[in-house]
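Everything below concerns the one structure shown next.
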Amino acid sequence: MKSIDLPLYKKTKRLVIRPLEDYDYENWAQAYSSLLPPQNEWDETNWDESELTKKKFKDLLKEQHKQRQSDEFYSFGIFRKDDGVLLGRVTLMDISRGIFQNAYLGYQIFNVYWGNGYAQEACKAAMQLAFKNLKLHRIEAGISLNNKKSIKTAKALGLRKEGVSKRRLHVNGKWTDMEIWALTKEEF
């Protein structure tokens, strides 16, 4: 499937999720330079000004475009509908086709916007794109056992806990256990 022909955006009550575009540079740079100090091990810190260049942004856009064309990874900016502010990102990644038809769901809301339900709203829109437009059958999310807010989001989305995957990801120099949460198209 060549994704370039697919509609790659979704509007919700408060949000628009879509791939980043050239004109999003200022919004992107502002978002990554205005974060609160990290709130947990999965949270980001402000990026250094040297990392927020137009060249780096254009390279990011090229890489995301290449990933969409190869149908392996879809990254969507999460924008507030009323003012266009970039709130975070949601991804459908490591897509497997063939007999699996699966993607991993990733999401990040910038910490200055936590507590507003944006992650749930954006993930629901991404899952609609995954099942309807990308014709996937299954979505999975791997969540750190101590990431209570993310587990709460997975539950609110209707994902079911399938178990714990031992030493699944290598993060900060150590192997980390992850809870696996999943949903199929029929359950959605």
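The values are calculated or read from the model by the stated rules, or taken from the named source; none is laboratory data. Bear in mind the structure is a predicted one, so any value in this text is a computation, not a measurement. Here the Cβ is made from the backbone with ideal geometry for all residues, glycine too, and neighbour counts use every protein chain on show. These accessible areas exclude ligands, DNA and RNA; they are computed on the full protein's heavy atoms, side chains included. Shrake-Rupley method; radii C 1.70, N 1.55, O 1.52, S 1.80 Å.
Annotations for the structure displayed:
- Any hit, the range 85-102, residues being free of Cβ contacts under 8 Å to residues at least 60 places away in the same chain, in contact with a Ser or Thr (Cβ under 9 Å, 6 or more places away or on another chain), over 23 Å from Thr153 (Cα atoms) and assigned to a loop (DSSP other than H, G, I, E, B): no
- Scanning the range 172-188 for residues that are within 29 Å of Phe131 (Cβ to Cβ) and part of a strand (DSSP E or B) yields Thr176, Asp177, Met178, Glu179, Ile180, Trp181, Ala182, Leu183, Thr184.
- Within the option set Ser70, Ser75, being open to solvent by less than 40 Å² (accessible area, probe 1.4 Å) and either at positive phi or among the polar types (S, T, N, Q) (or both) holds for one residue only, Ser75.
- One residue stands out in the range 40-57 among those that are closer than 16 Å to Val112 by Cβ and among the acidic types (Asp, Glu): the one that is surrounded by the most Cβ atoms within 10 Å (Cβ to Cβ), namely Asp43.
- Residue match in the range 147-157 (condition: open to solvent by less than 70 Å² (accessible area, probe 1.4 Å), without any contact (Cβ under 8 Å) to a residue 40 or more places away in the chain and in a strand (DSSP E or B)): no
- Taking the range 3-23 as the range and being out of contact with any Asp or Glu (no Cβ under 7 Å at 6 or more places or on another chain), modelled with pLDDT under 95 and more than 12 Å from Phe79 (Cα to Cα) as the test, the residues that pass are Ile4, Asp5, Leu6, Pro7, Leu8.
- Exactly one residue out of Lys135, Lys62 is part of a loop (DSSP other than H, G, I, E, B) and basic (Lys, Arg), and it is Lys135.
- When Ser34 is tested against (1) more than 18 Å from the chain's Cα centre (by Cα); (2) within 21 Å of Ile180 (Cα to Cα), just one condition goes unmet, and that condition is (2).
- Answer residue from the range 21-43, given it is part of a loop (DSSP other than H, G, I, E, B) and without any contact (Cβ under 8 Å) to a residue 60 or more places away in the chain and is farthest from Lys174 (Cα to Cα) among those: Glu21
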